[in-house]
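Participant: Right, I'll just put the structure down here and ask away after.
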């Protein structure tokens, strides 16, 4: 089931006619064309899409149930466009969470974004799925550490802080053992704020190494927003080669890891040629 939100639960659509006075006569001015950006996040369980026009939120759809993104993503985009009474051609830029996260989820989101951008000749940008979560934490002065479970006691994580109303990177996104991450954060000797729905899995270890660290208790901050992806995507340069744009997995797929255990780096690809 989809639900649409704009600030509170409900879509609002802004339609403005601007008026200007020229040489004593009232004339209807052309509506100023701002950049319209579609944001997409399917990096994990949540499906999140949103549309913004310049700094104005037009609408979003967000689901947080276990569904097949390959089945639900395009219908959700179609539904949002229909609700906003816009067409794909009205979009100027597509921003997509390009990783880290679920291999399958990332592929679905990135492939969909690439297809739309390439087919309609629109700008394409990638946004960190971790930074998208960090951006939820408005007003947090601590170093913000978004974190996803990467299994086998490993995590995907980054560290950010607010500076002049923008997020700056403290630690680059990385695939790392949870214990190594917490040790690195301890060395920063600064207040830490963990966010992400997987943080509770590491609660004991966090409190052991970082006893003063705070763990997010606002459920909405733990999941991505398509609007946030679009807003972050408006701040970066579009990719030069859309066809070459790929997800940032930050970790080799399991088949590649097993292959590397028995081969040297100079060997041919683990993908068999047929």
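Participant: From 212, 177, 128, 204, which residue is out of contact with any helix residue (DSSP H, G or I) (no Cβ under 7 Å at 6 or more places or on another chain) and under 27 Å from residue 36 (Cα atoms)?
Facilitator: Checking each option against the conditions leaves just 128.
Participant: Also, I was wondering about something else. Within the stretch 237-265, take every residue that is assigned to a loop (DSSP other than H, G, I, E, B) and surrounded by fewer than 12 Cβ atoms within 10 Å (Cβ to Cβ) and give me the one that is modelled with the lowest pLDDT.
Facilitator: For the stretch 237-265, the residue satisfying everything is 265.
Participant: Kindly indicate which of 94, 144 is within 14 Å of the chain's Cα centre (by Cα), at pLDDT 95 or above and surrounded by 19 or more Cβ atoms within 10 Å (Cβ to Cβ).
Facilitator: Just a single option satisfies the conditions, and that option is 94.
Participant: Exactly one condition in (1) more than 22 Å from residue 239 (Cα to Cα); (2) touching a helix residue (DSSP H, G or I) at 6+ places or on another chain (Cβ under 7 Å); (3) part of a strand (DSSP E or B); (4) in contact (Cβ under 8 Å) with a residue 60 or more places away in the chain is not met by residue 136; state its number.
Facilitator: Only one criterion is unmet by residue 136, namely (3).
Participant: Would you confirm, using the coordinates I've provided, whether residue 117 is closer than 30 Å to residue 214 by Cβ, at pLDDT 95 or above and touching a strand residue (DSSP E or B) at 6+ places or on another chain (Cβ under 8 Å)?
Facilitator: Criteria not met by residue 117.
Participant: More than 30 Å from residue 242 (Cβ to Cβ), in contact with a strand residue (DSSP E or B) (Cβ under 8 Å, 6 or more places away or on another chain) and free of Cβ contacts under 8 Å to residues at least 40 places away in the same chain, is that true of residue 194?
Facilitator: Against the criterion (more than 30 Å from residue 242 (Cβ to Cβ), in contact with a strand residue (DSSP E or B) (Cβ under 8 Å, 6 or more places away or on another chain) and free of Cβ contacts under 8 Å to residues at least 40 places away in the same chain), residue 194 does not qualify.
Participant: Before we move on, is residue 177 surrounded by 16 or more Cβ atoms within 10 Å (Cβ to Cβ) and either touching a strand residue (DSSP E or B) at 6+ places or on another chain (Cβ under 6 Å) or without any contact (Cβ under 8 Å) to a residue 12 or more places away in the chain (or both)?
Facilitator: no
Participant: Look at residue 41 and say whether it is within 20 Å of residue 225 (Cβ to Cβ) and surrounded by 23 or more Cβ atoms within 10 Å (Cβ to Cβ).
Facilitator: yes
Participant: On to the next question. Tell me, which residue of the stretch 147-169 that is touching a helix residue (DSSP H, G or I) at 6+ places or on another chain (Cβ under 7 Å) and surrounded by fewer than 20 Cβ atoms within 10 Å (Cβ to Cβ) is nearest to residue 195 (Cα to Cα)?
Facilitator: So the residue we want is 149.
Participant: Would you check if residue 71 is loosely packed, with under 13 Cβ neighbours inside 10 Å and either modelled with pLDDT under 75 or closer than 27 Å to residue 247 by Cα (or both)?
Facilitator: Taking the combined requirement at face value, the residue satisfies it.
Participant: Out of the residues in the stretch 78-89 that are in a helix (DSSP H, G or I) and touching a helix residue (DSSP H, G or I) at 6+ places or on another chain (Cβ under 8 Å), which is surrounded by the fewest Cβ atoms within 10 Å (Cβ to Cβ)?
Facilitator: Across the stretch 78-89, the extreme among qualifying residues is 89.
Participant: If you scan the stretch 41-72, which residues turn out to be assigned to a helix (DSSP H, G or I) and under 13 Å from residue 102 (Cβ atoms)?
Facilitator: 69, 70
Participant: Additional query: Looking at the stretch 47-68, which of its residues are over 17 Å from residue 231 (Cβ atoms) and crowded, with 24+ Cβ neighbours inside 10 Å?
Facilitator: 47
The values are calculated or read from the model by the stated rules, or taken from the named source; none is laboratory data. None of the values given here were measured: they were computed from a predicted structure. Positions of Cβ are backbone-derived with ideal geometry, glycine not excepted, and every protein chain shown enters the neighbour counts.
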